[in-house]
1. Read through the list (1) surrounded by fewer than 16 Cβ atoms within 10 Å (Cβ to Cβ); (2) within 9 Å of chain B (Cβ to nearest Cβ); (3) in contact (Cβ under 8 Å) with a residue 60 or more places away in the chain, then give the number of the only condition that A:SER85 fails.
2. Would you check if there is a residue in segment B:62-70 being surrounded by 20 or more Cβ atoms within 10 Å (Cβ to Cβ), of a type in the set (Gly, Ala, Ser) and more than 12 Å from every other protein chain (Cβ to nearest Cβ)?
3. Select, from A:SER104, A:SER61, the only residue that is of a type in the set (Gly, Ala, Ser), touching a Pro at 6+ places or on another chain (Cβ under 7 Å) and within 22 Å of B:MET4 (Cβ to Cβ).
4. Failed condition for A:ALA92, given (1) surrounded by 12 or more Cβ atoms within 10 Å (Cβ to Cβ); (2) more than 14 Å from every other protein chain (Cβ to nearest Cβ), with all others met?
5. For a quick check of your reading: which strands (runs of 3 or more DSSP E) sit entirely within segment B:1-54 and have at least 2 residues that are among the β-branched types (Val, Ile, Thr)?
6. Could you please give the count of residues in segment B:34-46 that are closer than 22 Å to B:TYR94 by Cβ and more than 10 Å from chain A (Cβ to nearest Cβ)?
7. Would you confirm, using the coordinates I've provided, whether A:GLU1 is open to solvent by 30 Å² or more (accessible area, probe 1.4 Å), of a type in the set (Asp, Glu) and more than 14 Å from chain B (Cβ to nearest Cβ)?
8. Taking A:ARG67 as the residue in question, decide whether it is without any contact (Cβ under 8 Å) to a residue 40 or more places away in the chain and over 25 Å from B:SER52 (Cα atoms).
Amino acid sequence: EVQLVESGGALVKPGGSLTLSCAASGFNFNSFSMNWVRQAPGKGLEWVSSISSSSEYIYYSDSVRGRFTISRDSAKNSLFLQMNSLRAEDTAVYYCARDNSPFSPSDFWGQGTLVTVSS
Amino acid sequence: DIQMTQSPSSLSASVGDRVTITCRASQGISTYLAWFQQMPGKAPKSLIYGASSLQSGVPSKFSGSGSGTDFTLTISGLQAEDFAIYYCQQYHSYPYTFGQGTKLEIK
């Protein structure tokens, strides 16, 4: 069974840092591109970042570029999102999602982890 | 960036109805269009990719069509479990972008 389990969400002060993790199981993690998508309270979905299976290709939204870093660890079957210089507008539930193929994005999602940025 | 615009933003329908949601891209995206369903408090679920291909396990009551800039999601024979928020997403080019969502409510 495919499983994606996010962790690391917390309450953090503006300007602070946080690292989110997404533990993958039930599939060959090393063969799939992965994504982070977030959803602010009561708002719609916002794509944040993507990383290819080999980590060769990495993309960010303009809103997080330069502050967030996506990475993956094949030995741990895990995806990460290092978030620095956090702002109130980064408050959201963060989901990790697997791309089944370049033509089938985000076919499977984790349950999400809440990040709250507030003083 | 490619802007995705869904219409309507909300829709009321009855059990058994057939509804259509529209998604328009600000520039051509071929068929690089996906649809997602999100129930309250839950993670999104992938329904359709490639504008018209059903994800595994998704019932055939869901169908998608379109190419270029105009796309539709049609849901037939609405059941209680179909009342949710639906999002389109383009994956033609980064940054990937979602529509604002369409809330399907029971009448």
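The values are calculated or read from the model by the stated rules, or taken from the named source; none is laboratory data. Bear in mind that the values here come from a model prediction, so they are computed numbers and not experimental data. Positions of Cβ are backbone-derived with ideal geometry, glycine not excepted, and every protein chain shown enters the neighbour counts. Ligands, DNA and RNA are stripped out before the accessible areas are found, and what is left, the full protein with its side chains, is counted by its heavy atoms. Shrake-Rupley method; radii C 1.70, N 1.55, O 1.52, S 1.80 Å.
1. With (1) surrounded by fewer than 16 Cβ atoms within 10 Å (Cβ to Cβ); (2) within 9 Å of chain B (Cβ to nearest Cβ); (3) in contact (Cβ under 8 Å) with a residue 60 or more places away in the chain applied to A:SER85, the lone miss is (2).
2. Yes, some residue in segment B:62-70 is surrounded by 20 or more Cβ atoms within 10 Å (Cβ to Cβ), of a type in the set (Gly, Ala, Ser) and more than 12 Å from every other protein chain (Cβ to nearest Cβ).
3. It is A:SER61.
4. (2)
5. In segment B:1-54, the matching strands (runs of 3 or more DSSP E) lie at B:19-25.
6. Residues that pass the stated criteria total 1.
7. The answer is no for A:GLU1.
8. So A:ARG67 fits the description; yes.
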